[in-house]
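S.K.: After the structure tokens below, expect a handful of questions from me.
The values are calculated or read from the model by the stated rules, or taken from the named source; none is laboratory data. Small disclaimer: the values here were computed from a predicted structure and weren't measured. Because the Cβ atoms are built from the backbone with ideal geometry, glycine has one as well, and the counts that use them run over all protein chains shown.
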Amino acid sequence: MEFTRLAETRQSTRKFTGEAVDREQLNRCLKAAWLAPSANNSQPWSFVVVDDPKIKEQVTRETYSQLISFNKFATGAGAIVVLVIEKPKLISQIGGSIKKKEFSLIDIGIAAEHFCLQATEEGLGTCILGWFNEAPIKSLLHIPSSRNIGLLIAVGHPSDSTIREKKRKPWDQFCSFNQYGK
């Protein structure tokens, strides 16, 4: 798919069929994420794909509660991908400290979007989740306590293939050339 069309087509899917996702499709999405750039080629990530229905149910239960139910839709996804933040290379750590930037967070965002764009190419839907109970998920998936989960991606077959209109800021509020706001 032409890139601009792919970007226009990618959207956050919140209604899935519940059908399992083919491992070959997941592997192509993972390969796209694997190819993502990162600061100093640190690749400060690892991906845990949860496609076993019982484990997936336990993981998705940790993305919502009775009070906060907006991620409950994730239970219908065919898989949940957990992005674990790994220790970046020393040069990235030093640079991040000097510049007061968490390069690993930028890096996992880039890798996540590569995953999501490939999923779109595959005809799959995705939704990136930032709201979840980290400790129970780490325990369930045997993620070391020294690591943090950056985000989750719900991935699956969308129950509706309608592409919604993108709602974006007006162009003149989005970008300027040569100076801020002009």
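S.K.: Being more than 23 Å from residue 29 (Cα to Cα), touching a residue at least 40 places away in the same chain (Cβ under 8 Å) and in contact with a helix residue (DSSP H, G or I) (Cβ under 8 Å, 6 or more places away or on another chain) narrows it down to one of 129, 152, 140, so name that one. Quick ask: steps written out before the conclusion?
M.R.: Numbers: 129 fails: more than 23 Å from residue 29 (Cα to Cα); 152 fails: more than 23 Å from residue 29 (Cα to Cα).
Just a single option satisfies the conditions, and that option is 140.
S.K.: Give me a count of the residues in the stretch 112-128 that are of a type in the set (A, V, I, L, M, F, W, C) and buried (at least 22 other Cβ atoms within 10 Å of the Cβ).
M.R.: Of the residues in that region, 5 qualify.
S.K.: Next question, about the same structure. For the structure I just gave you, tell me whether residue 92 is touching a Gly at 6+ places or on another chain (Cβ under 9 Å), in contact (Cβ under 8 Å) with a residue 40 or more places away in the chain and polar (S, T, N, Q).
M.R.: no
S.K.: Sticking with this one: Can you give me the ranges of the helices (runs of 4 or more DSSP H) entirely in the stretch 1-118 with at least 2 residues that are of a type in the set (Ser, Thr, Tyr)?
M.R.: 3-9, 90-99
S.K.: Looking only at the stretch 111-118, decide whether some residue is in contact with a Gly (Cβ under 7 Å, 6 or more places away or on another chain) and modelled with pLDDT of 90 or more.
M.R.: Within the stretch 111-118, none of the residues are in contact with a Gly (Cβ under 7 Å, 6 or more places away or on another chain) and modelled with pLDDT of 90 or more.
S.K.: Could you please tell me which pairs satisfy a Cβ distance under 6 Å, a separation of 6+ or placement on different chains, a first residue in the stretch 106-124 that is of a type in the set (A, V, I, L, M), and a second residue that is assigned to a helix (DSSP H, G or I)?
M.R.: Close Cβ pairs satisfying both conditions: 111/33; 117/6; 119/29.
S.K.: Would the stretch 64-80 turn up any residue that is aromatic (Phe, Trp, Tyr), crowded, with 19+ Cβ neighbours inside 10 Å and over 23 Å from residue 19 (Cβ atoms)?
M.R.: no
S.K.: Name the single residue that is surrounded by the most Cβ atoms within 10 Å (Cβ to Cβ) among those in the stretch 29-48 being in contact with an Asp or Glu (Cβ under 7 Å, 6 or more places away or on another chain) and closer than 15 Å to residue 153 by Cα.
M.R.: Taking the candidates together, the pick is 29.
S.K.: Answer with yes or no whether residue 69 is out of contact with any helix residue (DSSP H, G or I) (no Cβ under 8 Å at 6 or more places or on another chain), of a type in the set (Ser, Thr, Tyr), under 21 Å from residue 131 (Cα atoms) and touching a residue at least 24 places away in the same chain (Cβ under 8 Å).
M.R.: So residue 69 does not fit the description; no.
S.K.: Oh, and also: Just to be sure I understand the filter: pairs with C-beta atoms under 7 Å, separated by 6 or more residues or on different chains, first member in the stretch 13-33 and on the phi > 0 side of the Ramachandran plot, second member surrounded by 15 or more Cβ atoms within 10 Å (Cβ to Cβ) and not aliphatic (A, V, I, L, M). Which pairs pass?
M.R.: Close Cβ pairs (under 7 Å, with a partner that is surrounded by 15 or more Cβ atoms within 10 Å (Cβ to Cβ) and not aliphatic (A, V, I, L, M)) amount to 18/76.
S.K.: What number of residues within the stretch 39-52 satisfy the criterion of being within 22 Å of residue 143 (Cα to Cα) and over 13 Å from the mean Cα position of the chain (by Cα)?
M.R.: 6
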